[in-house]
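A short write-up of the structure that comes next.
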């Protein structure tokens with residue numbers, strides 16, 4: 001394949017549909033619009049869609065304050081993002097990136113609703129962090145034009161995108177998605193379609209082990225996070241990172257690993273399950289391994 005082929009395919013994509021106006025969807029819409037793509041941002045929640053422009057503007061203003069982009073760049077990007085509650089509107093886009101909650105049944109239902117309205121050339125992708133791309137693709141009419149497009153959080157900051165081919169994904173689809181990643185100025189890592197791919201296959205068991213370390217009383221929240229920050233030079237401790245990701249997402253990924261690989265080393269820690277059952281999901285609910293309701297986070301154990 002010629003060196004510039006992926007870039008050519010990437011530039012042939014002009015319009016992008018993003019499904020989900022949560023943290024990941026907003027971040028994906030943000031970087032795509034800054035890169036010059038026209039973006040349709042969809043969510044089932046009118047409230048989430050109404051809140052989206054303000055959140056995206058706040059994140060872009062951080063980039064303005066750090067001289068990463070200009071105010072003119074920001075305004076031009078904002079004008080390229082159009083919110084819509086109708087999945088049908090996304091049918092004419094060149095590329096769709098699904099960034100809904102990490103539950104396979106939800107994702108399948110979205111694709112089933114969307115597929116009848118798609119243009120023949122539209123590429124379908126999922127931002128899933130763990131679910132089988134081959135299985136998701138098999139529920140659509142275009143498994144050869146389907147792949148995993150996994151951004152890291154926070155999307156405007158993190159440089160990596162995992163590209164995951166399903167068993168049927170063709171070369172042209174992969175090249176087109178690689179071209180988009182390159183056009184964004186990010187770096188692609190190609191992963192095989194195994195549970196949790198590369199990043200979460202390595203990261204989530206580490207977080208789960210940190211929760212076991214807490215569960216078994218080896219250390220408390222502060223000592224575990226301090227040990228990993230100062231002892232291994234991690235920018236965040238594993239429990240702080242789990243709160244940032246969302247404990248429900250961490251548990252969902254561990255369940256995918258445990259069920260998909262049938263190995264007891266991936267068994268989710270009972271304490272992680274307990275926190276999720278309590279609704280203590282981390283930063284997004286103001287309580288997780290830390291309590292965020294005061295001026296500074298306070299460990300909950």
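Looking across segment 179-190, the residues that are touching a helix residue (DSSP H, G or I) at 6+ places or on another chain (Cβ under 6 Å) and under 16 Å from residue 127 (Cβ atoms) come down to 180, 184, 188. Pairing each residue of segment 249-264 that is in the same structural domain as residue 212 (by TED's automatic domain parsing) with any residue that is part of a helix (DSSP H, G or I) and surrounded by fewer than 17 Cβ atoms within 10 Å (Cβ to Cβ), provided the two are 6+ apart or on different chains, yields C-beta distances under 7 Å for 251/273. Close Cβ contacts (under 6 Å, 6 or more residues apart or on different chains) running from residues in segment 102-113 that are closer than 18 Å to residue 246 by Cα to residues that are part of a helix (DSSP H, G or I) comprise 102/249; 102/252. Screening segment 212-251 for residues that are in contact with a strand residue (DSSP E or B) (Cβ under 7 Å, 6 or more places away or on another chain) and surrounded by fewer than 20 Cβ atoms within 10 Å (Cβ to Cβ) and picking the one that is farthest from residue 154 (Cα to Cα) gives 220. Residue count for segment 141-161, restricted to those that are out of contact with any strand residue (DSSP E or B) (no Cβ under 8 Å at 6 or more places or on another chain) and surrounded by fewer than 23 Cβ atoms within 10 Å (Cβ to Cβ): 7. Inspect all residues belonging to segment 57-75 and state whether any of them is in contact with a helix residue (DSSP H, G or I) (Cβ under 6 Å, 6 or more places away or on another chain) and either at positive phi or surrounded by 23 or more Cβ atoms within 10 Å (Cβ to Cβ) (or both). No, segment 57-75 contains no residue that is in contact with a helix residue (DSSP H, G or I) (Cβ under 6 Å, 6 or more places away or on another chain) and either at positive phi or surrounded by 23 or more Cβ atoms within 10 Å (Cβ to Cβ) (or both). Here residue 209 meets the list (1) part of a helix (DSSP H, G or I); (2) crowded, with 17+ Cβ neighbours inside 10 Å; (3) modelled with pLDDT of 95 or more almost entirely, failing just condition (2).
When residues of segment 150-173 are filtered for being in contact (Cβ under 8 Å) with a residue 60 or more places away in the chain and part of a helix (DSSP H, G or I), how many remain? Looking only at that region, the number is 2. Between 179, 217, 231, the distinction of being modelled with pLDDT of 95 or more, in a loop (DSSP other than H, G, I, E, B) and over 18 Å from the mean Cα position of the chain (by Cα) belongs to 217 only.
The values are calculated or read from the model by the stated rules, or taken from the named source; none is laboratory data. Everything numeric here is computed off the predicted structure, so don't read it as measured data. Neighbour counts are summed over all protein chains in view; Cβ atoms, including those assigned to glycine, are modelled from backbone coordinates with ideal geometry.
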